[in-house]
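Data first, discussion second: the structure below is written as structure tokens.
Quick note: the coordinates plus some simple rules give every number you see, no bench work behind them. Quantities reported herein were computed from a predicted structural model and do not represent experimental measurements. For neighbour counting, all protein chains shown are included, and Cβ atoms are generated from backbone atoms with ideal geometry for every residue, glycine included.
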């Protein structure tokens, strides 16, 4: 028998990711909201317009996150992870890696567009 998941099921998880109100660049994988918040090297505010639900590149569904450019660097360090945070509930929603980049206060950084994909059941 084949496996199946309705797009609404996959989108349900992705809609939680879309609740993010902040995207932060950090050094290392944060284990909690507090760690991501206190360790942020740069950050961007997010709105619902920064997220796009679509068919997955491979299968299933994905949510695309808009790029952010010219973000002020607020602390020195090497950004190698990007985290999505829900400030209203103090939740760390999603963490991914990014190309490592040394940052210095007073500079700026860009975060390219990226996506979170949930594959269809196989």
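Listing for the model above:
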| read-out | value |
| --- | --- |
| Positions within region 1-14 being out of contact with any strand residue (DSSP E or B) (no Cβ under 8 Å at 6 or more places or on another chain) and part of a helix (DSSP H, G or I), in sequence order | 8, 9, 12 |
| Only one of 73, 24, 95, 9 that is within 22 Å of residue 117 (Cα to Cα) and without any contact (Cβ under 8 Å) to a residue 60 or more places away in the chain | 9 |
| Tally of residues being surrounded by fewer than 15 Cβ atoms within 10 Å (Cβ to Cβ), assigned to a strand (DSSP E or B) and under 10 Å from the mean Cα position of the chain (by Cα) across region 91-113 | 2 |
| Region 65-90, subset surrounded by fewer than 16 Cβ atoms within 10 Å (Cβ to Cβ) and in a strand (DSSP E or B), residue nearest to the chain's Cα centre (by Cα) | 69 |
| Yes/no for residue 38 being closer than 15 Å to residue 93 by Cα, over 12 Å from the mean Cα position of the chain (by Cα) and surrounded by fewer than 17 Cβ atoms within 10 Å (Cβ to Cβ) | no |
| Qualifying residue in region 47-60 (condition: more than 20 Å from residue 18 (Cα to Cα), out of contact with any helix residue (DSSP H, G or I) (no Cβ under 7 Å at 6 or more places or on another chain) and assigned to a strand (DSSP E or B)) | no |
